[in-house]
1. Looking at region 198-231 only, could you name the residues that are outside any strand (DSSP E or B) and without any contact (Cβ under 8 Å) to a residue 24 or more places away in the chain?
2. Is there a residue being part of a helix (DSSP H, G or I), free of Cβ contacts under 8 Å to residues at least 60 places away in the same chain and on the phi < 0 side of the Ramachandran plot anywhere in region 169-181?
3. Out of 24, 52, 81, I need the residue that is under 23 Å from residue 144 (Cα atoms), at pLDDT 95 or above, in contact with an Asp or Glu (Cβ under 7 Å, 6 or more places away or on another chain) and among the polar types (S, T, N, Q). Which one?
4. Cβ-Cβ distance below 9 Å, separation of 6 or more or different chains: which pairs start in region 122-134 with a residue that is at pLDDT below 95 and end on one that is surrounded by fewer than 17 Cβ atoms within 10 Å (Cβ to Cβ) and among the charged types (D, E, K, R)?
5. Which of the residues belonging to region 171-182 are buried (at least 16 other Cβ atoms within 10 Å of the Cβ) and over 18 Å from residue 27 (Cα atoms)?
6. Take residue 58 and tell me if it is assigned to a helix (DSSP H, G or I), at pLDDT 95 or above and either in contact with a Phe, Trp or Tyr (Cβ under 8 Å, 6 or more places away or on another chain) or surrounded by 15 or more Cβ atoms within 10 Å (Cβ to Cβ) (or both).
7. Taking the options 167, 185, 197, name whichever one is surrounded by 13 or more Cβ atoms within 10 Å (Cβ to Cβ) and under 21 Å from residue 143 (Cα atoms).
Amino acid sequence: MNLFQPEKGYRYNSDTLLLYDFISAVHPKGEVLDVGCGCGILGLLLKRDFPSVKMHLLDIQEQNCTIAKANAEANNIPIESFTCNDFLQTKFEHKFDMIVSNPPFYHKGGVISDDDTLFLSRHSSALPFVAFAQKVTKTLSNRGYFCFCYDAKQIDSLMAALLGNGLNVEDLCFVHSKEDKEASLVLIRARKNSKTLCKIHPPLFIYREESFTPRVQAIFDRSKTQSVTWKN
């Protein structure tokens, strides 16, 4: 799948592909909303592999929405709706069965970009997680799923925010660059009004020596994505 991406600004990375694989394992269905869709990669991959889902894409940045629409058309992937707005301020006509997101999660004290587009895509203050979780709960149908990735070092505040808003973590997977490195990313699947005990998956390692691990290489091979520079 060829995907237009901006020449400058935020470009998707392996985090989104790992999240795509994590979500795919639970076979999404029904009405699905991708929050902060960027170029559309996550929602388009899920719609490609699970054509029965009704996929909706949302992003706060107009350029991202334009590129996501172009990517959907170029790859002949039907999308139910495109919304260019702040998720926290958006009013929806119906509830969603699943909300997916690779949200901005650079923490306070980290490097803040002077580029507004990079700031909105990367820094957690552009979408504070507590407010995010509150809005997700209101936007999900009963027993709906919230699947996302985040900075692993913030797991304590993530769990508190999720549980405080009626979102129970059912699946959790930590991602490490190498076996001897600390986890840098966490993949989470939470469910509204669930009492299921949390399943902690085996850790996911990106590299073995200087090569991708077989598991990660298989994810990249299955995604079959290739970047194309977007020119206005």
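1. Start the filter on region 198-231 by keeping residues that are outside any strand (DSSP E or B), which leaves 198, 201-203, 206, 209-210, 213-225, 231.
Across region 198-231, the qualifying residues are 209, 210, 213, 214, 215, 217, 218, 221.
2. No, region 169-181 contains no residue that is part of a helix (DSSP H, G or I), free of Cβ contacts under 8 Å to residues at least 60 places away in the same chain and on the phi < 0 side of the Ramachandran plot.
3. Working: 52 fails: in contact with an Asp or Glu (Cβ under 7 Å, 6 or more places away or on another chain); 81 fails: in contact with an Asp or Glu (Cβ under 7 Å, 6 or more places away or on another chain).
Being under 23 Å from residue 144 (Cα atoms), at pLDDT 95 or above, in contact with an Asp or Glu (Cβ under 7 Å, 6 or more places away or on another chain) and among the polar types (S, T, N, Q) holds for just one of 24, 52, 81, which is 24.
4. That search, which allows pairs on different chains as well, returns 123/108; 124/108; 125/108; 127/86.
5. Across region 171-182, the qualifying residues are 174, 175, 176.
6. no
7. 167
Table: residues versus (1) within 30 Å of residue 206 (Cα to Cα); (2) free of Cβ contacts under 8 Å to residues at least 40 places away in the same chain; (3) polar (S, T, N, Q).
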{"site": "13", "(1), (2), (3)": "yes, yes, yes"}
{"site": "50", "(1), (2), (3)": "yes, yes, no"}
{"site": "68", "(1), (2), (3)": "yes, yes, no"}
{"site": "91", "(1), (2), (3)": "no, yes, no"}
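The values are calculated or read from the model by the stated rules, or taken from the named source; none is laboratory data. Computed from a predicted structure; not experimentally measured. Don't worry about glycine lacking a Cβ; one is built from the backbone with ideal geometry, like all the others, and counts go over all protein chains shown.
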